[in-house]
Structures are given as structure tokens and as C-alpha cells.
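Down below is the structure, laid out as C-alpha cells.
The values are calculated or read from the model by the stated rules, or taken from the named source; none is laboratory data. Computed from a predicted model, the values in this text were never measured in an experiment. Don't worry about glycine lacking a Cβ; one is built from the backbone with ideal geometry, like all the others, and counts go over all protein chains shown.
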């Protein structure tokens, strides 16, 4: 039963970064169904004020409803706190392909962020805050393209 | 029409429980600061900074929202996060005076943020160990954001302080003007002490040494003088505010007050 739900939830993507599912991001923490058929889905925000959470919640409900479930509870948890380390290597690869430089390991020795366009390591930070809370704005000195970098937190 | 004024004597409490009172103070700090930051969007020195101010405000709103939701559950009187934000009067807000201070320029905004970030980093670090699991969860999320905010505000303090003669003078003036609102952040009362004894809250006085270290270090690197003003304002925690908060609330609450229960 749970795996059928997991399969349905695998289609729920982040509204800001549609190449990643909420499972890829680690925003989806778990799903279970009780003996009365009530599905409980647990999610955690990437940032306290992430405005995508409301949309994600709606998407979870509509996806599960389309899959035949009608009693759905979405709960939010804060503990353990979300970290970009939960993103899989495969998800990071897709993120890079999409044009967003993936996060590095939290606490690791900082290495140059590679430009997602031309892979050059000559990049620099333009602004610590980018288009969304989870991204910083960078620019490549080699191909001169600006790009988003998913922050490591 | 009957007008029911809230308590005129200060010390207004809109919460029945100790934990509710505590959560509301934390929430109010974050909401009021977020509103102040919001005022500045489109006026920052550059577009990148506009985005930064907006992002930081959003983090604070998120934290306030989670704290208000939890307050409503603790108080169990049917109030939602929006009720706390939009339907309380000035005397019922228990934010520290620092966050309601208006800004006359970017230097004020960044100094206010720097003093507050340095405080919240220590606060959330301590509260991440709270015996209250829900509060610990909110804190462990917020501490990561506070660290990022502090890095940002510190770098501006240094850039402006150790910048041109003009920027140095102006940021020093901001530091001097806002210094008198920093002491209140560390004034604990019985609410803090009782909850600290229960392992749920933290006595803010214990956060002061670490805050002092951060502030002293950054001000030194910014070639700024650490003020030595013995006068420290207080009252915010008990609903006694300066004139500024009322104006801020008038703008923030206007829509809900004019069109009660309006939703998007």
C-alpha cells in the first residue's frame, strides 16, 4: 500500500525547480496509510519561509486524490531540520543539467563552484541571495553567463 | 459600537500560558522585523540587495508563522497565525524595541539586522536543544538561516565601516543610534527564567557574552567604535512600545482591519 503511494508521490515536483521531485529534495519525509485508509504525508520545508510549501501541499493532495485516495493529511515537521545534503547525486546531476549549480556537501572544504553552462571553475558569487531563498546568484568568468547556485545548508 | 480597549497599563498579556507568552515574543520579533525589511524592498543600494532584503524578510515571516501557529495550539483558544499577526493592538505586541525601530537609510537597516542576527544566532542555537520538541525543531531550522543572515549583515557592516569616509560616518551613526535598543534583548524576566528552568526556554542573559564577542569582533574589523551608552530602553516585552510600532501596525494590518476575514 505504502509503495503505491510512494509511486504516486514520485510525480510531485518542486514548483520552483520542476526537474526535482519533492522526494529528490528530501522535502518528502514519509507517507503512511492507516487502517481507515487515511493517508498521512509528512513534509519538511527547505527554508522557514519557503513559499512553495503551500503549493507542494496542494499538489500532494491532488495527486493522491487522482490516484484514488480521498482522506489525506499533510503534516509539516521541522525536525530533523532539512539539509541540502539530503539531495541525491542523481538529483544534483539533473539540477546541474537544468542550469542550477548543485550544493556542495555542508561543512566540506569549499571547492570552486563549476559553471553549469560551460563547466569552468572560474565563477564568482554575485549575491548571497538569489531568485529564491534556497539559491545564491553567481556568474561565470569564462562564459560570462549568470547562474543560480543551490546553497549548501 | 463598543470599543474595547486593551489594557492601558502595559503588561498586557494576550496569552494564558507561559509557553504561549514566550512563543509570542519570539514570533513578534520576527514578524515586526520582517515588516520593517519589507518596507525597504526597491530602495536597497542595488537589485541584488533588494533580493537579499526580501529573502531575509521571508525567512523571518516563515519563522513567525510557525511560532504563531504553535502559539495558537498551545493556547488552544482557536486563534490562528493570522489572528496573532493582524488582530492584535500595539500594546499586545511583545517584540523587542530594536526590531520596530525605523530606518533612515540602509545603514540603519543593516545595523539593526546585524545586532539582531548576532542575537538570534545564539538564541536559536540554544533553543535547538529545548526540551520542547516542536520549539527545538523550529529553532534548528531557523539557526541555519540566522547564520546566513549574520554573514550577510556582518559583511555589510565591514564594507560600510571600512569603506569611504562618508559610509564610515553614516554606519557609525547608525550603530550609536541603535545601541540603546540592544540591552533589552538580554533582559530576562520571570517568563524566561521559569521556562529556562524547565529546559524549554533560555535565559537571554546567558546569550550576551557570545553576542558581545561577535559584535566586538565585527565592529573592530569594520573600524567602528563600540558605543558605551549606559542608557538602555526597554518595555517591548511587556507591550510598552515607542511611537513607531503603531504606524507600522497601521500599515501591516490595514487590509484585515478594513475588510475583516478577507482572504485571497
All positions within the stretch A:40-55 that are away from chain B (no Cβ under 14 Å) and either touching a helix residue (DSSP H, G or I) at 6+ places or on another chain (Cβ under 6 Å) or buried (at least 21 other Cβ atoms within 10 Å of the Cβ) (or both):
A:41
Take the stretch A:75-86 and flag every residue that is in contact with a strand residue (DSSP E or B) (Cβ under 8 Å, 6 or more places away or on another chain) and either touching a residue at least 40 places away in the same chain (Cβ under 8 Å) or surrounded by 13 or more Cβ atoms within 10 Å (Cβ to Cβ) (or both).
A:76, A:77, A:84
Answer with yes or no whether residue A:1 is modelled with pLDDT under 95 and in contact with a strand residue (DSSP E or B) (Cβ under 6 Å, 6 or more places away or on another chain).
yes
Could you tell me whether residue A:17 is more than 14 Å from chain B (Cβ to nearest Cβ) and crowded, with 21+ Cβ neighbours inside 10 Å?
yes
Take residue A:131 and decide whether it is surrounded by fewer than 20 Cβ atoms within 10 Å (Cβ to Cβ), within 18 Å of residue B:56 (Cβ to Cβ) and in contact with a strand residue (DSSP E or B) (Cβ under 8 Å, 6 or more places away or on another chain).
yes
Single residue of the stretch B:74-115 satisfying the filter (in a loop (DSSP other than H, G, I, E, B) and without any contact (Cβ under 8 Å) to a residue 60 or more places away in the chain) that is nearest to the chain's Cα centre (by Cα)
B:104
Residue count, the stretch A:100-146, condition more than 14 Å from chain B (Cβ to nearest Cβ), in a strand (DSSP E or B) and within 25 Å of residue B:147 (Cβ to Cβ), comes to 3
Candidates A:97, A:58 - the one that is assigned to a helix (DSSP H, G or I), assigned by TED's automatic domain parsing to the domain that holds residue A:8 and surrounded by fewer than 14 Cβ atoms within 10 Å (Cβ to Cβ)
A:58
Out of B:118, B:146, which single residue is more than 14 Å from every other protein chain (Cβ to nearest Cβ) and touching a residue at least 24 places away in the same chain (Cβ under 8 Å)?
B:118
